[in-house]
Amino acid sequence: MEDSVSSGSENVVSSECRPPNPLDETIRQCFAGINIGSTPIMGTIVRHPSLNKSLGFSVEPELSGKNGKPEYIPVVRSGAWTDIGNRKNMEDTFFCCDDFADEYDFKNTGNGPSAFYGVFDGHGGKHAADFVCSNLPRLIMEDDDFPKHIDKVIASAFLQADTAFAEICTTDSDLASGTTALAVLVVGRSLIVANVGDCRAVLSRRGKAIEMSHDHKPSFIREKMRIEATGGYVDDGYLNGQLNVARALGDWHMEGMKDSDGVGPLSAEPEVMKMKLTEEDEFLIIGCDGIWDVFRSQNAVDFARRKLQEHNDPASCSRDLVDEALKRQSDDNLVVVVVCFNSKPPPALAIPRARVHRSISAEGLRELQGFLDSLAAESAVPPML
């Protein structure tokens, strides 16, 4: 068990500035130039061999809506906050980029935003989280099929990052660690969420919480069936008695989790969900499991909505969520990213008055009339002396 320490928050990060690269200079030098076989990690993107399957959804430019009217275009603003919480080391990190077309010199041919956000919850050290955070966006953006075949590109990028980190760990065993990963892209009106592990993304649609990811816990039926089908087992909620997540990147040093091809009970393949944003979509909360240990999804949306109505600042809202999680005694590292889809704060919701429709049958009317007549008759009888 780790020794607990006093809490300490990182500086707030907002849309006005992109957060710095989470890797320090020593680790950057260690990660630079690593090859996967004949494929350099910092060079040309090669499709992961496990993804030779049919294409899924794509993102196409949207120029006009129904009746020739302009489509709704979201306006993205973001902010983030982190806190070490009641832990000895900070192993979580995040990524915020409100305009990857500018940051990555990407030619965005459609209207609307081109944004990328991510939360990475490390375990057994921070190296895997740092590596994936620094390389996953590039692996996605530099793929020739992005953004047209976005689900296939994202899945490939996750697996490429996992394989690349395995190669790094063979050269330096001190880097051995693992991480969950949740990546969010906003391309025009399309919201795409890819998740490996138990971080969570929750959308507020006019105050209603919509979960855009599934927690990958070993005890969940679907994950348990997949684990057992690949030779693993679940013991007291832990994968092979060791991990409390069913999917993660890294962890190559743990026996029985993955073979040399990355196949095994511990999967690095993300679940990808897509939604078309509308005028009713207000903001998205992306958080590590330390947040969701003490917040239900709807509770987090209600709390964040009130705060955004007060100050309309996604960075301050992220800090509010972290501070509240600490008050609720979350004992994990904490990372939150809040992404707003409108320049205005969420509107106040009018609660409609309930309209009660009353009806009574003819038989009921007759019974009621008989009861009233009997009361009238009794009142007409003179009192007995």
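The values are calculated or read from the model by the stated rules, or taken from the named source; none is laboratory data. Given the structure is predicted, the values throughout are model-derived calculations rather than measurements. Neighbour counts are summed over all protein chains in view; Cβ atoms, including those assigned to glycine, are modelled from backbone coordinates with ideal geometry.
Scanning the range 266-295 for residues that are more than 16 Å from residue 198 (Cβ to Cβ) and in contact with a Phe, Trp or Tyr (Cβ under 8 Å, 6 or more places away or on another chain), which turns out surrounded by the most Cβ atoms within 10 Å (Cβ to Cβ)?
Of all residues in the range 266-295, those more than 16 Å from residue 198 (Cβ to Cβ) come to 272, 274-284.
Right, trim to in contact with a Phe, Trp or Tyr (Cβ under 8 Å, 6 or more places away or on another chain) and you get 274, 277-279, 281-284.
Numbers: 274: 18, 277: 21, 278: 12, 279: 10, 281: 21, 282: 22, 283: 24, 284: 27.
My answer is 284.
Quick grid of which residues meet (1) at pLDDT below 95; (2) closer than 29 Å to residue 72 by Cα:
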| residue | (1), (2) |
| --- | --- |
| 129 | no, no |
| 135 | no, no |
| 138 | yes, yes |
| 143 | yes, yes |
| 159 | no, no |
| 168 | yes, no |
| 176 | no, no |
| 194 | no, yes |
| 206 | no, yes |
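Listed here are the residues, each with its yes/no results for (1) more than 16 Å from the chain's Cα centre (by Cα); (2) crowded, with 21+ Cβ neighbours inside 10 Å.
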site: 116; (1), (2): no, yes
site: 125; (1), (2): yes, no
site: 129; (1), (2): no, yes
site: 132; (1), (2): no, yes
site: 162; (1), (2): yes, yes
**Item:** Selected residue (only one of 190, 219, 177 is under 25 Å from residue 286 (Cβ atoms), hydroxyl-bearing (Ser, Thr, Tyr) and out of contact with any helix residue (DSSP H, G or I) (no Cβ under 9 Å at 6 or more places or on another chain))
**Value:** 219
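Would it be correct to say that residue 228 is farther than 29 Å from residue 253 by Cβ and modelled with pLDDT of 95 or more?
Values: farther than 29 Å from residue 253 by Cβ: no; modelled with pLDDT of 95 or more: yes.
It is false that residue 228 is farther than 29 Å from residue 253 by Cβ and modelled with pLDDT of 95 or more.
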